[in-house]
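To start, the structure itself, in structure tokens.
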Amino acid sequence: MKTKIYSMLFVSVLALIGITSCSDAYQPGQRLNDLKTYAATLPKTETSSIVNLTNKFLEIYSSAAPEECDQAALFINRFMEQSVHSIYEKHINFLNSESIFLFCENYTEDSAYIIKEDPEVKDFAQAAIKNGYRFMIYEGMGYIEKAVNFPGDNVLKKLTLPLRLYYVQMSKEQKEGFALDAGLSVPPDVLADRIVWCEDYLKKYPDALMKNEVREKMAFLTETIKYGLDNTPAFDYMTGKLTREFNDAYLRIFAKYPDSPAINGIKTFYGKVKDNNFNRVEE
């Protein structure tokens, strides 16, 4: 009887040792190094590489803490951004073909002009879309980008809340749009919403991994809401005066966000413009 009990205890100890060794299988930083080593074997010119890298992440980081997963997610994001550039260079002929327009999210079919489908372009585009990319038309040319749902729910759920919220917001903004052909594709009100989101995010997560990117984004949006873009200027090129569209948008924004320090900064700018007979002022 004692022998049986000792045997059971011995087996239990062995099982505990096994569990402990599994949990300690990865030393600090080893997962990321392994992921980077694997990524080095993947051609960035192939759209399937990001899928393989994501699957490898899910395998290596299956039991990792969210903070550790964050670092891997940032690496995957950089890999995909680099792959977009590499894919564009390798497949420039496909992207220069008007056939790619058929797969662009912002393409509007024109019954007066029929685009002929190219089988090779079709195969390339469908594979890219399946693997997490999208195509858009800018100034008459086709471009490849990350899909709006990047990096996907399977990755997002493993991240810390601040980084997860950041990616969800970036996906939302990409879906809504920002500019098209050097002009705003959304009203200034939407820019104000994004500025306030940045403001709230930085207030709630001052030490977030993406804090610098959020600050830069907030500064860029603030500059844009003040002066517009080339083809949607806040100040008329001929008269130099604030356009009615931006003036009306300012009034709506100030009413919507009376307590936002960032919006109040824009309100101060608006006051200077108003004092200058609605002519452009520089800051």
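Just so you know, all these numbers are worked out from the coordinates, no wet-lab data involved. The shown structure was predicted, so the numbers you read here are calculated from the model rather than taken from an experiment. Glycine gets a Cβ as well: all are built from the backbone with ideal geometry, and neighbour counts include every protein chain shown.
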request  = Count charges around residue 154 for me, please; just the other residues with Cβ under 13 Å from its Cβ, Lys/Arg as +1, Asp/Glu as -1.
outcome  = +2
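Over the residues of the range 177-283, compute the C-alpha Rg and express it relative to 2.2 N^0.38 Å. Don't skip to the end; give the middle numbers.
Working: Rg = 14.0 Å, N = 107, 2.2 N^0.38 = 13.0 Å.
Output field value: 1.08.
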key: Phi-based couplings in Hz for the range 41-57 (Karplus 6.51, -1.76, 1.60; Gly and Pro marked x)   = 8, 9, x, 6, 7, 9, 5, 6, 4, 5, 5, 5, 5, 5, 5, 5, 4
remark   = Helix 30-39: inclination vs the chain longest Cα principal axis, degrees, rounded to 10, gives 70 degrees
task = Mind listing the long-range amide H neighbours of residue 148? Cut-off is under 5 Å, sequence gap 5 or more, other chains count too, H placed in the peptide plane at 1.01 Å from N.
result = none
task = Tell me which residues come under 5 Å, amide H to amide H, from residue 179 once H is placed; ignore anything under 5 positions away on its chain.
result = 185
key: Label point distance in nm, residue 241-residue 182, each placed 7 Å from Cα along Cα→Cβ   = 2.5 nm
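Please sort 258-268, 181-191 by packing, taking for each peptide the average over its residues of neighbouring beta carbons within 10 angstrom, highest first. Please report the intermediate quantities before stating the final value.
Details: 258-268: 14.5, 181-191: 16.5.
Taking the mean over residues of other Cβ atoms within 10 Å, the ranking is 181-191, 258-268.
For Cα pairs less than 8 Å apart in space and 6+ apart in sequence, what is the mean separation divided by the residue count of the chain, i.e. the relative contact order in percent?
On the way: 271 pairs, mean separation 35.0, N = 283.
Relative contact order of the chain: 12 percent.
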ask   = Looking at [x] 21.0; [y] 23.6; [z] 22.6, which value of Kirkwood radius over Cα pairs in Å comes from a calculation on the structure shown?
value = [z]
key: Among 242, 75, 115 - extreme Cα towards positive end, dipole of the chain, charges at beta-carbon   = 75
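Given only helices, namely DSSP H runs of n ≥ 4 each adding -39500 (n - 2.57), what is the per-residue ellipticity at 222 nm of the chain, to the nearest 500 deg cm²/dmol? Present the calculation step by step, with values, prior to reporting the outcome.
On the way: 12 runs with 168 residues, N = 283.
It comes out at -19000 deg cm²/dmol, rounded to the nearest 500.
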request  = Specify the angular offset, from 0 to 90 degrees and rounded to the nearest 10, of the alpha carbon long axis of helix 261-275 from the longest principal axis of the alpha carbons in the chain.
outcome  = 10 degrees
note = In degrees rounded to 10, the 0-90 angle between helix 119-130 Cα long axis and the longest Cα principal axis of the chain is 70 degrees
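Label the range 127-191 by shape, choosing from rounded, prolate and oblate, from the square roots a ≥ b ≥ c of the eigenvalues of the Cα gyration tensor; if a/c is under 1.5 it is rounded, and otherwise prolate applies when a/b is larger than b/c, oblate when it is not.
On the way: a/c = 4.09, a/b = 1.33, b/c = 3.07.
Taking the square roots of the gyration eigenvalues as a ≥ b ≥ c, the range 127-191 is oblate.
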Hz values of 3J(HN,Hα) by residue in the range 193-200 - Karplus curve (6.51, -1.76, 1.60), Gly and Pro given as x = 4, 6, 4, 5, 4, 4, 4, 5
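So if we plug the beta-carbon distance of residue 227 and residue 116 into 1/(1 + (r/R0)^6) with R0 = 30 Å, what FRET efficiency do we get, rounded to 0.05?
Details: r = 42 Å, r/R0 = 1.39.
Here the calculated transfer efficiency is 0.10.
For a protection proxy built on the mean count of beta-carbon atoms within 10 angstrom, sort 93-99, 151-157 highest first, please. Spell out each step's value before the answer.
Working: 93-99: 16.6, 151-157: 15.0.
Top to bottom by mean Cβ count within 10 Å: 93-99, 151-157.
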Gained length - residue 98 relative to residue 126, 0.36 nm times residue gap less alpha-carbon distance = 8.5 nm
key: Fraction of antiparallel bridges per DSSP, the chain only, in percent to nearest 5   = 95 percent
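Can you sort 158, 116, 90 by how many other beta carbons sit within 10 Å, fewest first? Before the final figure, lay out the partial values.
Details: 158 22, 116 8, 90 14.
Ranking 158, 116, 90 by Cβ neighbours within 10 Å, fewest first, gives 116, 90, 158.
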ask   = So who's got an amide H within less than 5 Å of the one on residue 228, skipping anything under 5 residues away but keeping other chains? H placed 1.01 Å off N, in plane.
value = 234
ask   = Charges only on Cβ, +1 for Lys and Arg, -1 for Asp and Glu: so what's the dipole of the chain about the Cα centre, in debye to the nearest 20?
value = 1200 debye
ask   = Can you give the extra length, in nm with one decimal, that the chain gains between residue 81 and residue 275 once fully stretched, where that is 0.36 nm per residue apart less the Cα-Cα distance?
value = 65.4 nm
inquiry  = Give me the base-10 log of I(q)/I(0) for the range 26-159 at each q in 0.12 Å⁻¹, Debye formula, one uniform scatterer per Cα, rounded to two decimals.
reply    = -0.52
